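Please read the structure below before turning to the comments.
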């Protein structure tokens, strides 16, 4: 087993490079993981790549195993699936998910990895962090039986939320996006699709995930009186204008934030982060979620892939990164 690893670093805003790093031997309660796949969440990671994290949010935006500081140099990422090569007997050979950056091998506490269920392919498990965000958003939204719901923004997170909500009993769910190409994603997820102008209104609940002023404005317009918008978008250092005049007060509308860094208040006393991630991985047994993975590149290509993702030249929801270990025959575990 090599005692060095290759990792993706942002050496400056807009520039990535692969660096060699020493790999320490795992301690008694640690694991050494060989990465199979990682995922690039285009929204958040593109913002980090551009250097758009506001200074006031440097600490809040830290990834669990981030190295370096914003804006750069920094090693960032949080969607990683690999095989445990060394560690406790119950984990050796297991395929696991970890909130780790893009790196060929890494050592983390054993409690930081979650075994991937046998029913979930490793290549799909990179979505676990995104579906976990969707689970938390649905907990925050607390939909009721028969609710009329719209999800505005068909990106990676919005599509995941729509997929989870579409499985809610008797709910009317619609995915709304300005890009007509998102209709194919919605169809694969089993969710009706509409353009912003054609979306059905009178909604009890709207989940907003487009990260645009126009999307948030449309989310408010789609609400029924006393309806609620769950705001999932994170705008980084951009200011957003929100129309709080007109009928906002007379219709008694609510805008409420949701963020995956804390368990939704309605579940905080009864569910842990491990419970939430475990539920996300269970949901990923459904092959419909493969629609959220819209491309794949080799790890060596990552420095050239990130600028294309950030600029939009490479359209993507989740872009999957394949490591050399993914092409090697498995010797144990999944």
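Some notes on this structure:
- The stretch 97-111: number of residues that are more than 17 Å from the chain's Cα centre (by Cα) and buried (at least 17 other Cβ atoms within 10 Å of the Cβ): 7
- Residue within the stretch 315-322 that is surrounded by fewer than 18 Cβ atoms within 10 Å (Cβ to Cβ), out of contact with any strand residue (DSSP E or B) (no Cβ under 6 Å at 6 or more places or on another chain) and at pLDDT below 95 present: yes
- Checked against (1) in a loop (DSSP other than H, G, I, E, B); (2) surrounded by 13 or more Cβ atoms within 10 Å (Cβ to Cβ); (3) out of contact with any helix residue (DSSP H, G or I) (no Cβ under 9 Å at 6 or more places or on another chain), residue 234 passes all but a single condition, namely (3).
- Entirely in the stretch 58-166, the helices (runs of 4 or more DSSP H) that have 1 or more residues that are under 22 Å from residue 227 (Cβ atoms): 128-141, 156-165
- Residue check, residue 180 without any contact (Cβ under 8 Å) to a residue 40 or more places away in the chain and more than 20 Å from the chain's Cα centre (by Cα): yes
- Any chance residue 188 is touching a strand residue (DSSP E or B) at 6+ places or on another chain (Cβ under 6 Å) and either touching a residue at least 24 places away in the same chain (Cβ under 8 Å) or surrounded by 14 or more Cβ atoms within 10 Å (Cβ to Cβ) (or both): no
- Residue within the stretch 7-21 that is surrounded by fewer than 19 Cβ atoms within 10 Å (Cβ to Cβ), modelled with pLDDT under 95 and closer than 23 Å to residue 301 by Cα present: yes
- Counting residues in the stretch 23-33 that are in contact with a helix residue (DSSP H, G or I) (Cβ under 7 Å, 6 or more places away or on another chain), farther than 23 Å from residue 86 by Cβ and not assigned by TED's automatic domain parsing to the domain that holds residue 233 gives zero.
Residue by residue, here is whether (1) surrounded by fewer than 18 Cβ atoms within 10 Å (Cβ to Cβ); (2) in contact with a strand residue (DSSP E or B) (Cβ under 6 Å, 6 or more places away or on another chain); (3) in contact (Cβ under 8 Å) with a residue 60 or more places away in the chain holds:
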residue	(1), (2), (3)
54	yes, no, yes
58	yes, no, no
82	no, yes, yes
88	yes, no, no
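- If the condition is being touching a residue at least 40 places away in the same chain (Cβ under 8 Å) and over 16 Å from the mean Cα position of the chain (by Cα), then the stretch 289-305 contributes 299, 300, 302, 303, 305.
The values are calculated or read from the model by the stated rules, or taken from the named source; none is laboratory data. All of these numbers come straight from a predicted model, not from anything done at the bench. Ideal geometry is used to build each Cβ from the backbone, glycine not excepted, and the neighbour counts take in all protein chains shown.
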